[in-house]
Amino acid sequence: MKVLVINAGSSSLKYQLYNMTDESVLAKGLVERIGMDSSILTHKPAGREDVTEVSEILEHTTAIRKVIDILTDKENGVLSSVDEIQAVGHRVVHGGEAFKESALVDSASKAEIRRLFDLAPLHNPAAMMGIRAAESNMPGVPQVMVFDTAFHQTMPEKAYLYAIPRVLYKKYKVRRYGAHGTSHDYVSKAAAEYLDRPLEDMKIITCHVGNGGSVTAVQGGVSVDTSMGMTPLEGLMMGTRSGDLDPAIVPYVMNKEELSVSEVNSMLNKHSGLLAISGISSDMREITEGMEAGDANSTLAFEMYEYRLRKYIGSYAAAMNGVDVIVFTAGVGENSVVLRQKVCEQLTYLGVELDEALNAIRSGEPRRITTANSKVDVLVVPTNEELVIARDTHRIVLNSL
Ligand code: ADP
């Protein structure tokens, strides 16, 4: 079965075409600047040169049509006809409490996604545009929604409730949902497989640190706690997001600076984190360069980022009464040798013993970075959220036939 994976944002659309017989990627790409005058389609057919096209793409339906055109193009395509696409999988950020796992797209599931617009106002409407656009371009092809939140639906009440009046949960479903679920799920399973140990018996802490970041406590293969909350703002310090802060700061600053709700939201989501502390960048590569060049603000930004991540690891070891494996993944987790080193150097109380030579190796494969004597295995596992979406789509569509 050939599965097209779509990750639609408000002005962008990423795609990957999988052949599920061997889980190979036939092509992938990205449409950027949807709705602006010169949209850019970058198409990467496997083993061939990238292709870039600039044209006017005003909405998602046209974007998907362009993607289908290039996938079936005589010169740059990988399909002889659109009919070869047998299923479409969509990334959907928020599945609320309704979706504990991936689901077929039908009128009931679409209605539920619309009800959840409130909880993810930036992301879910974009996913819905992607779903509608795929439906109109590929009528009759089964589609599946795969949620960032679903993996965390196993969290117990004590982990997902906020200590605020319960009426807010009853009326508005104010609670913690988490995010990056497909990644935490994928890397925890990949870690158990790599170590050849049964997932059911393991306590794993997965650290997905990229532009956004979250840490998850995975016990017996299920999420028992995670650092993101009702929205992706809670938890770790991130590229441009503040992460945890005293909630009383919000009304205080709004009052002092006469900020509106959207201004304070923008401050905490777009102008905080590494960017705010370094004053230079939200990008960990530039922060690291600044630190190496002796820039005090970059050094402080790095130290805060590392310290907060390490505190979450400690708290999840406490939550599970121990930890067998710690996994680093995503842009920063997979690439920043110095971040992993600084975190591991201060986890010796858990029995972590870093092997600096192993930590310095770069490879696209799962690997251990601790010594043979280390009580806790620390791994780097490259994440693959698209593959999880393709696998779920494949499984759910086969089961529905
Ligand atoms: P997203 O959350 O957008 O998917 P990614 O997982 O791609 O983000 O992570 C992007 C982050 O990874 C950026 O902060 C980038 O600086 C960081 N990153 C990428 N390569 C390196 C590297 N070699 N060293 C440190 N950080 C890196």
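Below are the figures for this structure:
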read-out: Cut-off 14 Å between beta-carbons: net charge of the residues surrounding D118, Lys and Arg +1, Asp and Glu -1; value: +3
read-out: Geometric extent, Cα atoms of segment 181-240 - Rg, Dmax (angstrom); value: 12.0, 37
read-out: Fully extended contour minus Cα-Cα distance, from E353 to K171, at 0.36 nm per residue; value: 60.7 nm
read-out: Around I40: net Lys/Arg minus Asp/Glu count, Cβ-Cβ under 12 Å; value: -3
read-out: Principal axes of segment 273-401: Cα extent on each, largest first, Å; value: 60, 36, 30
read-out: Surrounding net charge for V209, when Lys and Arg each add one and Asp and Glu each subtract one, Cβ distance under 11 Å; value: 0
read-out: Contact order normalised by residue count of segment 266-310, Cα under 8 Å, 6+ apart, percent; value: 32 percent
read-out: Relative contact order computed over segment 261-401 (Cα-Cα under 8 Å; 6+ residues apart), in percent; value: 17 percent
read-out: Volume per residue that the Cα convex hull of segment 1-138 spans, once the total is divided by residue count, Å³; value: 101 Å³
read-out: Under 25 Å from K203, Cα to Cα: lysines that are on another chain or at least 8 residues apart; value: K100, K158, K189, K311, K342, K375
read-out: Dipole magnitude of segment 3-101 about its Cα centre (Cβ charges: Lys, Arg +1; Asp, Glu -1), debye to nearest 20; value: 180 debye
read-out: Value of relative contact order over the chain, rounded to a whole percent, pairs C-alpha under 8 Å and six or more apart; value: 14 percent
read-out: Gaussian network model of the chain, Cα within-10 Å springs - most flexible of G213, G331, G95; value: G331
read-out: Taking all pairs of distinct alpha-carbon atoms in segment 126-187, Kirkwood radius in angstrom; value: 14.2 Å
read-out: Positive-end extreme of charge dipole, the chain - chosen from Y169, A191, G294 (charges on Cβ); value: Y169
read-out: The chain: calculated mean residue ellipticity at 222 nm from DSSP helix runs of at least 4, using -39500 (n - 2.57); value: -11500 deg cm²/dmol
read-out: Centroid-to-centroid separation of segment 271-316 and segment 69-119 [C-alpha atoms, Å]; value: 36 Å
read-out: Hits among lysines - C-alpha to C-alpha of K74 under 27 Å, sequence gap 8 or more where chains match; value: K2, K14, K28, K44, K66
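Every number in this text was worked out from the coordinates using simple rules, so none of it is lab data. Every value quoted in this text rests on a predicted model; they were computed, and no experiment measured them. With ideal geometry, Cβ positions are generated from the backbone for all residues, glycine too; neighbour counts draw on all protein chains shown.
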